[in-house]
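Following: one structure in structure tokens, then a few remarks.
The values are calculated or read from the model by the stated rules, or taken from the named source; none is laboratory data. What you see is a predicted model, and the numbers here were worked out from it, not measured in a lab. All Cβ positions, even for glycine, are placed from backbone atoms using ideal geometry, and neighbour counts span all protein chains on display. These accessible areas exclude ligands, DNA and RNA; they are computed on the full protein's heavy atoms, side chains included. Shrake-Rupley method; radii C 1.70, N 1.55, O 1.52, S 1.80 Å.
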Amino acid sequence: MSDKILEIDDLKREFVMGSETVRALKGVSFDVLKGEFVTIMGSSGSGKSTLLNLLGCLDKQTSGEYFLDGIDVKTLDRNQLAKLRNFKIGFVFQAYNLLPRTSALENVELPLFYNSKISGKERRERALHALEAVKLADRQHHTPSQLSGGQQQRVAIARALVNEPVMILADEATGNLDTRTSYEIMALMQELNEKDQKTIVFVTHEPDIAAFSSRTVFLRDGKVVKDSPNANKKNAKDALAALPVSDDY
Amino acid sequence: MNIFNLIKIALKALLRNKLRALLTMLGIIIGVGAVITMMSIGQGSKDSIQSSLSAMGTNMITIMPYNNLPGGGGGVRLGASSIQSLTIADVEKLKRDVTDATEFSPAASASGQAIKGTANWPTTIQGVAPSYLDIRKLSVNSGIEFSDNDVRTSAKVCLLGQTVVNNLFGPNVDPIGQIIRFNKIPLQVIGVLSPKGYNTFGQDQDDIIIAPYTTVQKRILATIYFHAIYASARTESVSDLASEEISKSLRESHRLREGQDDDFVVRTQADLIKTLSSTSGMLSVLLTAVAGISLLIGGIGIMNIMYVSVTERTREIGLRMSIGARGIDIMSQFLIEAILISITGGLIGVILGIAASIFISSFLHWPVIISETSIVISFLVCALTGVFFGYYPAQKAARLDPIEALRYE
Ligand SMILES: Nc1ncnc2c1ncn2[C@@H]1O[C@H](COP(=O)(O)OP(=O)(O)OP(=O)(O)O)[C@@H](O)[C@H]1O
Ligand SMILES: [Mg+2]
């Protein structure tokens, strides 16, 4: 087996709405290697979310090929897809999507509930470990409403990590955050990518966020228009240090 | 996902909305509570009616005058006491004719004031034959019974029930041999009846004076008629035959022609028990209907709130699916939530019903029997209600599309 995590070939997704057909993806092909940090950029409506949903096995392509870790996704049924999401993928959403009135720790535990092989004790330990990785172990009993947006997103990242997935998919994960907090999240992503060799596919439409990745895929109107490695990948920790100490705007 | 985790998640969801969960349960709580209480009362009174009827003697047959003649008041039926048809001649003929009944006692009763010294007590005097004590399974506690000779001579003697003794004599006086007055007629107390307590209908069976029927007829009522005739069938199984023989004999002595209605009624204890148990059978059908309706309403309440809950938590469902929940996991989560609501409601209802039954039995002194079957059945029905009414909302949740659920505002 190659060290390709993702292989997509001529991937198409069409939405039929009454008599109209919206062609959100018009044949997208690229591979992602193990340990890559890819950002997907493009203007609004270019099909980024549609692509990410396909990559995350939340949706099925109209045509084309998609192999995730060597598995042909289109042959799987709903339950097998759920299992795949549980074992191989960690999602981070723009809107965090944490369960309200539920502690950070319990939120992080959630994916492990759907893995019957994991005992209650192990579940707790792994959730705590994931929270430590995002430096929120001291906030484990806080509910989302008691956390800042950046902290909530870090809890969501911990939740994406807890199942030890082969790949993290993030859809505008910094979209709701200010510059400093965005950089903090990106620093965390870089750390996960470099230290733990996690593959990351990160959708954004901000070029300065894309600059932290090793490769950027540009989408326009449902097609890949540019796919280039990042020659001078920026370090998020350095960028964070370079920010003015007190932002007064 | 294992069942304990599911229950845990469902519990958490319910606890997040305690008041709503409680309100949802209310229909079930009230329904189950009411059913348990009513079943307890029904079962209790049925049992106590039956046991007090058998205590009276299952062989007993009661004959009462009954006005059913066309001219008998143009639809107005007169009470038994005002109708005059049963006489001593009837009793004598019955004794000759009827083979399946062994003992007969006429009864003439009067109410009035019993007086001893300064004490007085309103009560009833029952004028009967000596065989009455056998027929009614009564016995004399102290003193002696009166004899046929006392009947012949209209002797001024009587037997007192314990309540009358207590009210006329107080605790430390031996009433035997003393003279009391009933409606001014002096009667000598020759015996005291063994206490029988209250019957199912709340009557004090010890609030009675018993005397020879001739004494009551001549000295108190000045009548030749009786209010009733009591008889005892040879065995319980021949009581219907005995009752037929009695009717035949009485029709002869009352000279009723073919086609003419009886001017009396004959009732066996078996008849009474049958009537009462058919009433209680109807009662339980009614109770089942009430239970069914209240559980239906409770179930609809659960269904409604589960739909609301699924809609409210669409994003949560989407999220759970995106991190690996299968349709069946989501389905079980909501189904268990519904079952938990209905079972908790059922449990509270059962506890409330038992509490109400205990309250009724200890404060209102109604006979109450809490039956385990009614508890088990209501509980099972509750769980089924949860499954039935939780199924559709849960299925709706399980079928959601993960992306659309995640996007739901
Ligand atoms: N469920 C759907 N039904 C119909 N059309 C859809 C659906 N989802 C997406 N589309 C269409 O597909 C196209 C791509 O949408 P997509 O959400 O992937 O864009 P995007 O690149 O993520 O945009 P943004 O940056 O605003 O999030 C759009 O034209 C959109 O209207
Ligand atoms: Mg998008």
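Some observations on this one:
- Computed with a 1.4 Å probe over protein heavy atoms only, the accessible surface of segment B:67-262 comes to 50 Å² per residue.
- The label-point distance for A:H129 and B:Q395, in a model that sets each label 7 Å from Cα toward Cβ, rounds to 4.2 nm.
- Average beta-carbon neighbours from other chains, 10 Å sphere, peptide A:92-100: 4
- Here the protein assembly as shown exposes an accessible surface that is 56 percent carbon and sulfur, computed with a 1.4 Å probe and the other protein chains kept in place.
- Accessible surface of B:T279 - all protein chains present, 1.4 Å probe, nearest 10 Å²: 80
- In range of the label at B:L364: residues from segment B:325-353 whose backbone nitrogen is under 11 Å from the point 7 Å along Cα→Cβ: none
- Gain on full stretching of the segment that runs from B:E312 to B:S237 - 0.36 nm per residue minus C-alpha separation: 20.2 nm
- Kirkwood Rh, angstrom, chain B [1 / mean 1/r, Cα pairs]: 26.4
- Label zone at A:D238, where the point sits 7 Å out along the Cα-to-Cβ direction: segment A:194-214 residues whose backbone N lies under 18 Å: A:194-195, A:208-214
- Highest-MSF residue in chain B out of B:G31, B:G298, B:G259 [GNM, Cα springs under 10 Å]: B:G259
- Difference of contour (0.36 nm per residue) and Cα-Cα distance, B:S139 to B:R16: 37.6 nm
- Per-residue SASA entry for B:E244, accessible area with 1.4 Å probe, Å² rounded to 10: 120
- Within a Gaussian network of chain B (alpha carbon springs, distance under 10 Å), most fluctuating of B:A108, B:A325, B:A211: B:A325
- Against the criterion of solvent-accessible heavy-atom surface with a 1.4 angstrom probe, B:M303, B:M25 sort, most first, into B:M303, B:M25.
- Counting Cβ atoms of other protein chains within 10 Å of each residue's Cβ and taking the mean over peptide B:3-15 gives 2.
- Model label points for B:K156 and A:F87, set 7 angstrom from Cα along the Cα-to-Cβ axis, are 10.8 nm apart.
- Computed over Cα pairs, the Kirkwood radius of segment B:272-409 leads via Stokes-Einstein (0.692 mPa s, 37 °C) to a diffusion coefficient of 189 µm² per second.
- Among B:P186, B:P130, B:P171, the largest mean-square fluctuation in a Gaussian network model of chain B (Cα springs under 10 Å) belongs to B:P171.
- When the listed pairs A:K4/A:K60; A:K83/A:K223; B:K46/B:K95; A:K48/A:K237; A:K26/A:K195; B:K95/B:K218 are checked against a 25 Å cut-off, the alpha-carbon distance exceeds it for A:K83/A:K223; B:K46/B:K95; A:K48/A:K237; A:K26/A:K195.
- P(r) histogram, all alpha-carbon pairs of chain A included - 5 Å bins from 0, percent: 1, 6, 13, 17, 19, 17, 13, 8, 4, 1, 0, 0
- Buried area at the A-B interface (accessible, heavy atoms, 1.4 Å probe, summed, Å²): 2300
- Mean Kyte hydropathy of 0.5 or more with a Cα span along the axis of at least 18 Å, helices from DSSP in chain B: B:3-16, B:18-55, B:269-312, B:327-363, B:372-398
- The distance between label points at A:D178 and A:D227 comes to 3.9 nm (points 7 Å beyond Cα on the Cα→Cβ vector).
- Across the protein assembly as shown, Cα-Cα pairs more than 41 Å apart make up 55 percent of the total.
- Across all directions, the shadow cast by the convex hull of segment B:67-262 built on its C-alpha atoms averages 12.6 square nanometres.
- Calculated FRET efficiency for the pair B:S54/B:T118, C-beta based, R₀ 35 Å, to 0.05: 0.30
- Centre separation in Å (Cα based) which lies between segment A:170-211 and segment B:15-64: 67
- Delta accessible area of at least 10 Å² on complex formation, residues of segment B:311-325, 1.4 Å probe, chain isolated as reference: B:R315, B:E316, B:L319, B:R320, B:M321, B:S322, B:I323, B:G324, B:A325
- Ligands, DNA and RNA aside, A:E106 has an accessible area near 40 Å² when probed at 1.4 Å.
- Solvent-accessible heavy-atom area per residue, rounded to whole Å², over chain A at 1.4 Å: 45
- When only the Cβ of Lys, Arg, Asp and Glu is charged (+1, +1, -1, -1), the dipole of the protein assembly as shown relative to its Cα centre reaches about 460 debye.
- A dipole drawn for segment B:237-339 from +1 and -1 charges on Cβ atoms has a positive end, and of B:S249, B:G281, B:I317 the residue lying farthest that way is B:I317.
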